[in-house]
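Encoded as structure tokens, the structure appears first; notes follow it.
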Amino acid sequence: MPTDDLSRAAESHRWPEHIWRGHVEAVRTGRRLVPESWPGGARVAVALSFDSDHETIPLRDGETSPGRLAQGEYGARAGAPRIVDLLARYGVPATFFMPAVSALLHPEEARGYVRGGHELAVHGWIHERNTLLGRDEEKELTSRALDTLTTLTGQRPVGIRTPSWDFSDSTLDIMLELGFAYDSSLMGDDEPYEIVAGGRNTGLVEIPVDWIRDDAPYFTMDRYGSVRPHSRPRDVREIWVDEFDAAYRDGGVFQLTLHPHVIGHRSRLVALRELLDHIAAHRDVWFATHAQLAEASRGLLHGRTSARSVADPQEHAP
Ligand SMILES: [Zn+2]
């Protein structure tokens, strides 16, 4: 059921406690999974991700005009190669979340990510909206996406990000049934945490995201809508620098979600390059794929590493 269902919202004031509490506790933040130090003694973990959606955004919406599809094609043709070059120049790995249809349209790109030492992870079949699907259909599409990426690259992805971070009532169970090691679609914290379902520890690591650390809301526009974000790329870089600096002080994680068809434009890639310059000027930075980060965080679940004590936020006030 869509979470913005108005009839549901209209009745919520009549819900007894077990109903509203039940909704809240269905998928919840558990233990914060930040070790005393990151691998190699690093102070901060930097996890860059790129959602290589390309043509699947218009396809998902049934928009099949060549004009809309070309906007997605730009991501594969111009954006992704520039991003891969930039990452190689800094010698840093990233995670590429790719819808299966996008990977089938651009199989060499998908294989190239893996060959280049990056991680390829699941991002739905055709960027479908999970909350509009039934459980069986959602599971079948997620499973088919996982199998498709496995066949294309010879490596089975261990991570998943739901398309548009759209998380249905069935999504968590499906992730657990398909054996994913981590998810990166929820926004419950700045740091990785274990997902708790109805008070039960699931063992699934969440690497949280947020719109603040996503390029799309700053730059994308709908031709016939009234919103024209067109933020200055260097203003956006400033926000991301502030996010990184605080993560560095906290000894936590700086995670970023970008899109080749958005950040891959010439004037916008400047923001990413200058951000990488800023990060690279710091000591003790661990650049990790989301899978590597999830693995390091998972050590806390099994008692292999000890947790970092959470600092008092006041202590870090600038
Ligand atoms: Zn996406």
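Each value in this text was obtained by applying a stated rule to the coordinates, not by laboratory testing. Here the structure is a predicted model, which is why all the values come from computation and not from measurement. Counting neighbours? That spans all protein chains shown, and the Cβs are built from the backbone with ideal geometry, glycine included.
Points worth noting:
- For beta carbons closer than 8 Å, sequence separation of 6+ or different chains, a first residue in the range 245-259 that is in a loop (DSSP other than H, G, I, E, B) and a second that is acidic (Asp, Glu), the qualifying pairs are Gly252/Asp190; Gly252/Glu191; His259/Asp51; His259/Asp53; His259/Asp215.
- Residue that is nearest to Asp183 (Cα to Cα), among those in the range 209-236 that are hydrophobic (A, V, I, L, M, F, W, C) and in a loop (DSSP other than H, G, I, E, B): Val209
- Checking Asp136 against (1) within 16 Å of the ligand (Cβ to nearest atom); (2) outside any loop (DSSP other than H, G, I, E, B); (3) charged (D, E, K, R), the condition it does not meet: (1)
- Unique residue being of a type outside the set (Ser, Thr, Tyr), free of Cβ contacts under 8 Å to residues at least 40 places away in the same chain, closer than 15 Å to Phe50 by Cα and part of a helix (DSSP H, G or I) when the list is Ala271, Ala291: Ala271
- The one condition from (1) in contact with a Gly (Cβ under 9 Å, 6 or more places away or on another chain); (2) in contact (Cβ under 8 Å) with a residue 60 or more places away in the chain; (3) surrounded by 18 or more Cβ atoms within 10 Å (Cβ to Cβ) that Val46 does not meet is (1).
- Scope the range 116-155; condition of a type in the set (D, E, K, R) and touching a His at 6+ places or on another chain (Cβ under 8 Å); matching residues: Glu119
- Residue match in the range 31-48 (condition: within 16 Å of the ligand (Cβ to nearest atom) and within 20 Å of the chain's Cα centre (by Cα)): yes
- Of all residues in the range 178-201, those satisfying the criterion of being over 14 Å from Ala47 (Cα atoms) and either of a type in the set (Asp, Glu) or free of Cβ contacts under 8 Å to residues at least 12 places away in the same chain (or both) are Gly179, Asp189, Glu194, Arg200.
- Contact map, the range 125-147: first residue under 13 Å from Asp173 (Cβ atoms), second residue of a type in the set (D, E, K, R) and within 14 Å of the ligand (Cβ to nearest atom), Cβ cut-off under 9 Å, separation 6 or more or different chains; pairs are Asn130/Asp166; Glu138/Glu128.
- Within the range 85-133, if we keep just the residues that are of a type in the set (Val, Ile, Thr) and closer than 15 Å to Thr153 by Cβ, the residue that is farthest from the ligand (Cβ to nearest atom) turns out to be Val114.
- Filter result (crowded, with 18+ Cβ neighbours inside 10 Å, part of a loop (DSSP other than H, G, I, E, B) and in contact with a Leu (Cβ under 8 Å, 6 or more places away or on another chain)) within the range 98-125: His118, Gly124, Trp125
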